[in-house]
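Since the structure comes first, as structure tokens, the remarks are kept for the end.
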């Protein structure tokens, strides 16, 4: 399929995204570069302040892809921080846009076999990263011994995608919060020492 055909048939721009660095914040606002999206390291913005204010301004003009490189899912605190970060990001964007990867899949999976393969690989890497974190949680005694981390990772990823879609169409983060919190509560409450309804412990 030619670039012209992709551009004509798909609303997603046939352009690359770029990594957003601190030293480029003001330049991006001033110049508005001709790129499709921006990628940021999530941890760089969790402290709030000036970086987060810049990100809030930039995301009004560009889709933002979050890349968590240091946020560990291998502890109850890390899992809770990850959950809170996802909800906060969706809320800050007024629940618009959904998941960038999921949105691309909905638009390209049935029309571009190569794009579908790349998207499947992206979801696979995401699933593997979640599964590794859940495996560490099980080893730390935060999940039942019989838990299959890979199966739970698929379930969590599917829950996240469905919750993001519902949040997008309803412009409300509550469906996403309910979906993710319910799954995490079910996973933890199956431990004999965790009473039902206790959910994921706060940091």
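The values are calculated or read from the model by the stated rules, or taken from the named source; none is laboratory data. Since we're looking at a predicted model, the values are computed, not measured. We place every Cβ from the backbone using ideal geometry, glycine too, and count neighbours over all the protein chains shown.
A few points about this structure:
- Residue within region 41-55 that is touching a strand residue (DSSP E or B) at 6+ places or on another chain (Cβ under 6 Å), surrounded by 13 or more Cβ atoms within 10 Å (Cβ to Cβ) and either within 26 Å of residue 126 (Cα to Cα) or at pLDDT 80 or above (or both) present: yes
- Some residue of region 119-139 being modelled with pLDDT of 90 or more, within 30 Å of residue 60 (Cβ to Cβ), in contact with a helix residue (DSSP H, G or I) (Cβ under 7 Å, 6 or more places away or on another chain) and surrounded by 15 or more Cβ atoms within 10 Å (Cβ to Cβ): no
- Residue among 36, 65, 16 that is part of a loop (DSSP other than H, G, I, E, B), outside the structural domain of residue 108 (by TED's automatic domain parsing) and modelled with pLDDT under 80: 16
- Of the helices (runs of 4 or more DSSP H) contained entirely in region 75-165, those carrying at least 1 residues that are within 13 Å of residue 184 (Cβ to Cβ) fall at 76-92, 113-139.
Residue-by-condition table, conditions (1) in contact (Cβ under 8 Å) with a residue 40 or more places away in the chain; (2) at negative phi; (3) assigned by TED's automatic domain parsing to the domain that holds residue 60:
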| residue | (1), (2), (3) |
| --- | --- |
| 75 | yes, yes, no |
| 79 | yes, yes, no |
| 85 | yes, yes, no |
| 90 | yes, yes, no |
| 94 | yes, no, no |
| 105 | no, yes, no |
| 109 | no, yes, no |
| 112 | yes, yes, no |
